[in-house]
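Engineer: After the structure tokens below, expect a handful of questions from me.
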């Protein structure tokens, strides 16, 4: 089939199938037309075949056909975008070989890097100074080409009259982790975008962390050696023709009719809640409360949108702090298998940039590019962070914003960006000295900043204390697993569980009933005011953050039954979990009351009142004695007010550390 015939065929195809769309696009000022490959191959299989083998020619033909259809003058540069190409041309990034060069293929992956948009020359016109001849040169290579000679025989410099530029941008596409098997490292490929693919509308689709399907032609790029010559090796690049974002996370999972039936049957089972808890991690002994919390975390609460773009997060974050060997990492690993779109990362090998996002130098278009980290890549998924206490404090602080605001803001090397990180975080850590000290307060042994702890809805301490009955059961359980590894099967198989959770997250948006609302309200008010204020100590047992946590937990509990109403029963489950966590960690041994400040600020209310009393004593003594005050006078005065010596010494030590007082000589203190 010669070129003219191809142009006529293509013109006929566009006029019969895409005429209206073409005119619409022209009116909107969009200089591209999206063509479905299936329709093209129905219309003319031969052209469709040539398109896959030598895409460049046919796309040129298509452009010419469109120019003929609409009359030449109107449009200078028109692109035809092809979507829906056959399965046989869907190639994994790792399987691209030299035989695929200059062929039309489709690849899928996650955007890891994205460079700035920069103009690129497509063609340049030169004028010959001696005869005035105009030479047009197409710029195809990476190097700018000038004419070597003119038809009048002149060689040497020519005058550049004008050049045509188009916008260009590079992405780095990496294989999605779910397509990998075993210990393979995900492979990357460069994607080159031009013209309308870098328009502001499509710009949103290609943010780092989003998953894309890209149709394009594979080209080779020469590698230039340090000596200036060309290497024998070439780099690969895909010149993109069409891209579409694939929605991943929960909304991506397809549920067949048969599975839908299973899901509905399961939701009607009165014991569905218990069954799902038992299926979370059947190979881990005990920890029923934690498994229940993890199930609710997978379901998640409901994200609420208020006016002016303000949202309230629906994701719950859970922190497990426990003795070594209590199965924390196993729980995390298991959760990263059940949840759709999950990543497991471990503390020591994680940096702040790896968690949020980093800016890397881009070799291709000479600039800086954004690379998304784990929390951004698991947007709408679950991020399991193990060994949280082993991370350095600077890296840990990178998580604050992602946990509460659910965004990651980065300002580095002229890149200011806010990435979405609607991620649920499940973290595990060890206590300060590796193991819990049974005689020391739990809250004092959590070696994490209070600002971070405050952002977790539930905190579970996992204590590993000797108990002959429990130890015997546990030993039997673990040993039976070694004898028959398949003995502890999950009640609900993993695949169905995944689909069930995905369905619940996609479609169920439960609302609070009045009964549930009152139950939560009463619990909150009662907890806040149960402490009373003895001797001026006001303990704060629960803060508004826990109130939001209660709502999220109750909504998640309703989702497990696929119910669109949050009942009183759901609220009670949530209250029980929150109370369980608070009573384990937040109890102040002096007053025996739950005190949230133990966890959130590290100083309990009773301790705070001691500090203010000792401060008063120091102020009074300063008025009577003078600047330097003997410590024993402070101790004596404090004992009259009922604070014992050890506590006074502790408080004085704290005040010295905070820089309120100093010690000029041993046994004396003075205010700064």
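Engineer: Have a look at the DSSP beta bridges in the chain and tell me what percent are antiparallel, nearest 5.
Structural biologist: 70 percent
Engineer: Okay, moving on. Please report 424, 232 as a ranked list, fewest other C-beta atoms within 10 angstrom at the top and most at the bottom.
Structural biologist: Neighbour counts put them in this order, fewest first: 232, 424.
Engineer: Give me 285, 144 sorted ascending by neighbouring Cβ count inside 10 Å, so fewest comes first.
Structural biologist: Going from sparsest to densest Cβ surroundings: 144, 285.
Engineer: Compute the distance in nm between two label points, each set 7 Å from the Cα along the Cα-to-Cβ direction, one at residue 60 and one at residue 660.
Structural biologist: 8.2 nm
Engineer: With a point put 7 Å past each Cα toward its Cβ, work out how far residue 583 is from residue 622 in nm, to one decimal.
Structural biologist: 4.5 nm
Engineer: Calculate, in nm to one decimal, what residue 432 and residue 670 gain on full extension: separation in residues at 0.36 nm each, minus their alpha carbon distance.
Structural biologist: Here the answer is 82.4 nm.
Engineer: Right, another one. Give the calculated FRET efficiency between residue 488 and residue 256 to the nearest 0.05, with a Förster radius of 45 Å applied to their Cβ-Cβ distance.
Structural biologist: That pair, residue 488 with residue 256, gives E of 0.95.
Engineer: Name the residues of the range 331-349 whose amide N is less than 19 Å from a point 7 angstrom out from the Cα of residue 576 along the C-beta direction?
Structural biologist: None, by backbone N distance to the label point.
Engineer: Whole Å is fine, so just give me how far the alpha carbon centre of the range 206-229 lies from that of the range 440-512.
Structural biologist: 44 Å
Engineer: Ok, one more. Going by how many other Cβ atoms sit within 10 Å of their own, how do 127, 307 line up, fewest first?
Structural biologist: By the 10 Å Cβ count, ascending: 307, 127.
Engineer: So what's Rg/Rh here for the range 3-84, counting alpha carbon atoms and using the Kirkwood radius for Rh?
Structural biologist: Across the range 3-84, the Cα-based Rg/Rh ratio is 0.93.
Engineer: Compute the long axis of helix 55-70 from its Cα atoms, compare it with the longest principal axis of the Cα atoms of the chain, and write down the angle in degrees, 0 to 90, nearest 10.
Structural biologist: 70 degrees
Engineer: Using only Cα atoms and rounding to the nearest 10 degrees, what angle (0 to 90) does helix 514-530 make with the longest principal axis of the chain?
Structural biologist: Tilt relative to the chain: about 50 degrees.
Engineer: What is the extension gain from residue 155 to residue 90, computed as 0.36 nm multiplied by their sequence separation minus the C-alpha to C-alpha distance, in nm to one decimal?
Structural biologist: 18.6 nm
Engineer: Something else about it: Just to be sure I understand the model, the point goes 7 Å from the Cα along the line to the Cβ. What's the resulting residue 139 to residue 233 distance in nm?
Structural biologist: About 2.9 nm, to one decimal.
Engineer: If you average the C-alpha positions of the range 353-425 and of the range 562-582 separately, how far apart do those two centres end up, in angstrom?
Structural biologist: 32 Å
Engineer: In addition: So, how do all the Cα-to-Cα distances of the range 603-671 break down into 10 Å bins, in percent, from 0 on up?
Structural biologist: 21, 61, 18, 0
Engineer: Let me make sure I get this right: for the range 341-463, a, b and c are the square roots of the gyration tensor eigenvalues over alpha carbons, sorted descending. Under 1.5 in a/c it's rounded, otherwise prolate if a/b > b/c, else oblate. Which is it?
Structural biologist: prolate
Engineer: Report the full-extension gain for the segment residue 100 to residue 167: residue separation times 0.36 nm, less the Cα-Cα distance, to one decimal in nm.
Structural biologist: 21.5 nm is the gain from fully extending residue 100 to residue 167.
Engineer: Kindly express, to the nearest 10 degrees and within the range 0 to 90, the angle between helix 605-625's C-alpha long axis and the longest C-alpha principal axis of the chain.
Structural biologist: That works out to roughly 70 degrees.
Engineer: Calculate the radius of gyration of the Cα atoms of the chain to one decimal place, then report Dmax, the largest Cα-Cα distance, as a whole number, both in Å.
Structural biologist: 33.2, 111
Engineer: Additional query: Could you pull the Cα extents of the range 252-313 along its three principal axes, largest to smallest, in whole Å?
Structural biologist: Here the spans come out as 46, 34, 23 Å, largest first.
Each reported figure results from applying straightforward, stated rules to the coordinates on display, with no laboratory input. Just so you know, these numbers come straight off a predicted model, no measurement behind them. Reconstructed Cβ throughout: ideal geometry from the backbone, glycine too, with neighbour counts over all protein chains shown.
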